[in-house]
Structures are given as C-alpha cells and as structure tokens.
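Remarks on the structure that follows.
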Amino acid sequence: MQNPTSSWTATVRDLYDTSDIHHLRSHNLLSSQLVEIINSSAFLRNSVSSDEDGTMRWSWSTDGQYSTSVAYKKMVHTGVITPCHKMLWKIKSPAKVRTFIWLLVLDRLLTQRNLLVRGWPAMPSCVLCNQQQVEDCCHLFLTCSFTSGIWSLIGLQFNLALRIDLATPLRFWQLNRKRLPSDKRQLWDSIWAATCWTVWKHRCKVIFDGEQTMQHRILLDVELQIINWRAMRLVTAAC
C-alpha cells in the first residue's frame, strides 16, 4: 500500500500491527475511520497469528492457509450457535421464509423499534392493535392482541394446544414444539414460520397499502401456504 503523495510504503502486516497504526496515520496512509475500524477489530487480531520466523498464519485453518469459507462462517457465526438455531434452517418452508425467520430470531427485521434505533422515522404505535407501544418483534409476533388472536385461531384450526404467554417468538416456537407429539412437530415448525411470515406481510400491507386488519384473512393465507408447501413436498401432513 502506497500513498501517491508519499514515498513511505506500508505492508499488510503493518496494518495488522496496531502499534504502527498511528505511524501510518501520520503518513496519511490511513483515514481516521479506518484507524477506528482496525483498532476495534478483535476479529482480525484473533484470526491471524505469527510464527517464530515472522510468517503470518491463518489461525482458523489447520494448515495455516486462508480459507474464504472458514472466514465467512466465523464472521457470520460470531455468537453461540445452538442446535435450536440450526433447526431453524431445517424448517420445511421456502428459502425466503427461512431467511425471514432467521432475521426475526436475531431481531434484525425493520420493525418500528429497529427503525428508531437506526435514526429513521417510525410510527409510535402498533398498526395491528393500535396500542400506544412501539412495535418490536416480541410485540408484533406474540403479545399484540391482534396476533395473539391469530395464534388462538391457528390452535383451533390445526388442533394444537398452544401456550401464548411466552417471552419471545423463539421461546414460543421452542416450548410449544416440545409439548407436541413428535409426529406433529414438523408441521408445527412450518405453521409457526408461515404464520409469522404472513403476519409480517399483512403488517406491511396495512402500512404501505392501507389494507384493513383481518385475522381470518391471515388464517386463510396460512392454510393456503401450508397446502402449497405440502404440494412442494416441504411439509409432511400430520393432522
């Protein structure tokens, strides 16, 4: 790396060595933003080690060579990955729905609360129940009176005794799954994913298209999705 206005040259190793960062900054080789990124990059310092002869090694590969696939896995799975999280990706549903569920569990959906965190304008109340409460994932998919009514209808329609008084959408899925017979769990996985997906789409239509809130319309949409997923052989009939 070389700055056109300077004859001083920096190597990648210099960038890794945080003791030289201010020296690089003094030569205008790094912007203040990049200095801040490097200073806070625990990922970089944990991924590279140095042998006695100064050779840089990639710590997460047995041969010391850089691997894109390993780096991707480490960057994506920076937290604790439990069997529960792995099960989410095995839910019998289209890929876009599984991706949506993953974002829901990680609280990365653009709910009104997450919009506020990003400094964007947001509505002060839930558009589904009209309560003066900033919408977040727990409220939208579980504690909202409109959504809890949908879960009650889902339980009646599919003959499922669901517990709704749970803390998070993830716990709602987990604990109700444990209470079901093993031959109904795969179907419950898909029902839960389809219902959350349909509630989200309905919520967006209410906001952007002015659609009226209708619980029975959502119930019908969930049933149709389960039928379509069965036709695609994504869901095994169990009830």
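Just so it is clear, none of the values below were taken in a lab; they were calculated from the coordinates. All figures in this text were calculated on a predicted structure; none of them were measured in a lab. Note that each Cβ is placed from the backbone with ideal geometry, even for glycine, and that neighbours are counted across all protein chains shown.
Points to keep in mind about this one:
- The range 138-195, residues that are under 18 Å from His216 (Cβ atoms) and hydroxyl-bearing (Ser, Thr, Tyr): Ser145, Thr147, Ser148, Ser152, Thr195
- Considering the range 178-224, the residues that are outside any helix (DSSP H, G or I) and on the phi < 0 side of the Ramachandran plot include one that is surrounded by the fewest Cβ atoms within 10 Å (Cβ to Cβ), namely Gln212.
- Boolean, Ala231 is more than 23 Å from the chain's Cα centre (by Cα) and farther than 23 Å from Ala95 by Cα: no
- Exclusive hit being in contact with a Lys or Arg (Cβ under 7 Å, 6 or more places away or on another chain) and surrounded by fewer than 16 Cβ atoms within 10 Å (Cβ to Cβ), set Leu175, Leu234: Leu175
- Checked against the criterion of being among the aromatic types (Phe, Trp, Tyr) and over 20 Å from Ile218 (Cβ atoms), the range 95-110 contains one or more residues that satisfy it.
- Between Ala194, Ala167, the distinction of being farther than 27 Å from Ile227 by Cβ and in contact (Cβ under 8 Å) with a residue 24 or more places away in the chain belongs to Ala167 only.
- If you go through the range 133-150 and keep only what is surrounded by fewer than 20 Cβ atoms within 10 Å (Cβ to Cβ) and under 26 Å from Ile227 (Cβ atoms), you end up with Ser148, Gly149.
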